[in-house]
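The values are calculated or read from the model by the stated rules, or taken from the named source; none is laboratory data. This structure is a prediction, so every number in the text was calculated from the model and none was measured. Here Cβ is always computed from backbone atoms with ideal geometry, including for glycine, and neighbour counts include all displayed protein chains.
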Amino acid sequence: MSFRMGSMGLSLGAIRSLRSAETSIARSSARLASGLRINSAADDAAGLAISERFRAGIASLQRAQMNTADGIGIAQSAQGGLSEISSLLSEARALAVQSSSGTLDGQTRDQLDDQFQAILSDIDSIAASTSFSTFNPLNASGQQIDVAVGTTAGDTITITGVDATATSIGAGGIDIATGAAGAISAIDGAISNTSDLAAQFGIAENRLASPSNLLGVQIEATAAAESRIRDADYATESALLTRNQIIQESAIAVLGQANANLSLVLRLLGT
């Protein structure tokens, strides 16, 4: 067996493999610790740029989905208020029917009318207090809210406010103490008008539900694409970490063998 003191090929090759393995181990360890394949631009500059665009798109889509949720909230609040108004109108009609009976005296009719007027007052109160954020959909006739349901300008759905006060729906100025028969017909008209207003907000809610569902699908698809670019594949990184750890140990063993050969030369020189 021959030994050359000047030959460092074996050691240098082992050192190169050791350094490469250590770099790969550090990279895999960082990815496993952070959960990200790209921790800096140096990992994948093009991938990082694409990932950032995806993230900006996801943020915009999420904001649009929140906008549609707000719009649905307005429509549902309005429908809830109108449902209560319909219930009150039903009570008012029952009082009018009762007052129209010829078996009642004037005092009783006056008492029934007091209850009737209180109901009309409650209807006005509901119309005035039904709101979502700063928008009052039942006391804002003609006022419009443009709900942004997309990520581009002009991609909106309009919700129009109405006037649901007793007078506007046709139940104002009624006296069931002296005009119960006519009051029944007027209240029937008010109930029909209230149903029409509720239908308007129901249509708006249905229109908002479709883009909301679509936005959810878009967010999911975009997030998945962003994840494939930026997130670490734990199975792959774990396998790479194990592989490079084996290479690291092998390189250390080769360096140890090279050092052992050098020690043997030194012992031979000492004899």
Margin query: Going through SER51, SER90, SER60, SER101 one at a time, which residue ends up being hydroxyl-bearing (Ser, Thr, Tyr), closer than 30 Å to ILE169 by Cβ and touching a residue at least 40 places away in the same chain (Cβ under 8 Å)?
Written below: SER90
Checklist line | Filter pass, ALA164 being touching a Pro at 6+ places or on another chain (Cβ under 9 Å) and either loosely packed, with under 14 Cβ neighbours inside 10 Å or farther than 30 Å from LEU215 by Cβ (or both) | finding: yes
Margin query: Would you confirm whether or not the range 90-105 contains a residue that is polar (S, T, N, Q) and crowded, with 21+ Cβ neighbours inside 10 Å?
Written below: yes
Item checked: The listed residue being within 39 Å of the chain's Cα centre (by Cα) and outside any helix (DSSP H, G or I), out of ALA42, ALA30, ALA69 -> ALA42
Next item on the list: Kindly indicate the residue of the range 2-25 that is farther than 16 Å from LEU255 by Cα and at pLDDT 75 or above and also surrounded by the fewest Cβ atoms within 10 Å (Cβ to Cβ) among those meeting that condition.
Entry: THR23
Item checked: Qualifying residue in the range 86-95 (condition: at pLDDT below 95 and polar (S, T, N, Q)) -> no
Item checked: Residue that is at pLDDT 80 or above and farther than 30 Å from SER131 by Cβ, where the choices are GLN76, GLN107, GLN62 -> GLN107
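I'd like to know if the range 35-49 contains one or more residues that are exposed (fewer than 15 other Cβ atoms within 10 Å of the Cβ) and polar (S, T, N, Q). Spell out the reasoning first.
Of all residues in the range 35-49, those exposed (fewer than 15 other Cβ atoms within 10 Å of the Cβ) come to 35, 40-42, 45-46, 49.
Right, trim to polar (S, T, N, Q) and you get 40.
Looking through the range 35-49, at least one residue is exposed (fewer than 15 other Cβ atoms within 10 Å of the Cβ) and polar (S, T, N, Q).
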Item checked: Subset of the range 223-248 that is surrounded by 15 or more Cβ atoms within 10 Å (Cβ to Cβ) and among the β-branched types (Val, Ile, Thr) - its residue that is farthest from ASP44 (Cα to Cα) -> ILE247
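Just to be sure, is LEU48 out of contact with any helix residue (DSSP H, G or I) (no Cβ under 6 Å at 6 or more places or on another chain) and outside any helix (DSSP H, G or I)?
Working: out of contact with any helix residue (DSSP H, G or I) (no Cβ under 6 Å at 6 or more places or on another chain): yes; outside any helix (DSSP H, G or I): no.
Judged against the criteria, LEU48 is not a match.
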Notebook entry, point to check: Is there any pair with a first residue in the range 144-164 that is in the same structural domain as LEU208 (by TED's automatic domain parsing) and farther than 23 Å from THR194 by Cα and a second that is charged (D, E, K, R) and assigned to a loop (DSSP other than H, G, I, E, B) whose Cβ atoms are under 9 Å apart and which are 6 or more apart or on different chains, and what are they?
Noted result: ALA148/ASP155; VAL149/ASP155
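Rundown of residues vs (1) outside any helix (DSSP H, G or I); (2) at pLDDT below 95; (3) of a type outside the set (Asp, Glu), yes/no style:
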{"site": "GLY154", "(1), (2), (3)": "yes, yes, yes"}
{"site": "ILE159", "(1), (2), (3)": "yes, yes, yes"}
{"site": "GLY172", "(1), (2), (3)": "yes, yes, yes"}
{"site": "ILE176", "(1), (2), (3)": "yes, yes, yes"}
{"site": "ALA181", "(1), (2), (3)": "no, yes, yes"}
{"site": "ILE184", "(1), (2), (3)": "no, yes, yes"}
{"site": "ILE191", "(1), (2), (3)": "no, no, yes"}
Check: Can GLY57 be described as modelled with pLDDT of 95 or more, buried (at least 17 other Cβ atoms within 10 Å of the Cβ), within 33 Å of the chain's Cα centre (by Cα) and not aliphatic (A, V, I, L, M)?
Finding: no
